[in-house]
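Input: a single structure, listed below in structure tokens.
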């Protein structure tokens, strides 16, 4: 009998082992998680520490977030000690992807918690067709930028001064604004014009440097 594990199974087991070792001691506070979701956007501006600060806050309210690379998965939710935990695979190593994936999984936790308790885990793949994942994607986007504003912005988004001003006015990192503009299928002219903004595309490596020291160790007795 072939008992070898698939890459996905191995990834899940490795994440479970790490999360069990972390063993978050804080009680899950769904009310606090709901409150922080609406306050996340300004933290994206700080590419060095913003993501780390949000993850620390989530941990202190019972939700552990870890980074564990995997190419064919975006993120997952695993239940450890009867509490949900988020695993971000970050397959494309993009700064914008960290925030979109985190908010995607927060949607599942905040709005589908009872189903998650039954299922015990959830995997989010690229191009997932499930209605709940499409809703989670939409939720992540609207938490970062008003879709009505985004539609209006297409008319002049290719102007760099306007692009920068929109990022400043809406307290969002330019790399995320660019990702949302491209992701929502703008006209061909705008797609071509976006090539001039390649320097705004940002890797996740800088923001993940803080994870070299496990943030959960700060809370050990």
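Values quoted throughout were computed directly from the atomic coordinates according to the rules given, and no laboratory measurement underlies them. Since the model is a prediction, treat every value here as computed from it, not as a measurement. All Cβ positions, even for glycine, are placed from backbone atoms using ideal geometry, and neighbour counts span all protein chains on display.
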In degrees from 0 to 90, rounded to the nearest 10, what is the angle of the helix 50-60 Cα long axis to the longest principal axis of the chain?
-> 30
Order of 73-81, 141-149 by packing, highest average Cβ count within 10 Å first?
-> 73-81, 141-149
Normalised contact order of the chain, rounded percent, pairs of Cα under 8 Å and 6 or more residues apart = 23
Residue 45 versus residue 8: modelled label distance in nm, points set 7 Å from Cα along the beta carbon direction = 4.0
Report the semi-axes of the equivalent ellipsoid for segment 26-155 in whole Å, largest first, where each axis is √(5λ) for an eigenvalue λ of the Cα gyration tensor.
-> 22, 17, 15
Helix 131-144 versus the longest principal axis of the chain: what angle, 0 to 90°, nearest 10, using Cα atoms?
-> 60
Convex hull volume of the Cα atoms in segment 1-62, per residue, in Å³?
-> 131
Based on Cα positions only, what radius of gyration and what Dmax would you give for the chain, in angstroms?
-> 18.0, 63
What's the FRET efficiency of residue 183 with residue 205 using the Cβ-Cβ distance as r and R₀ = 25 Å, to the nearest 0.05?
-> 0.70
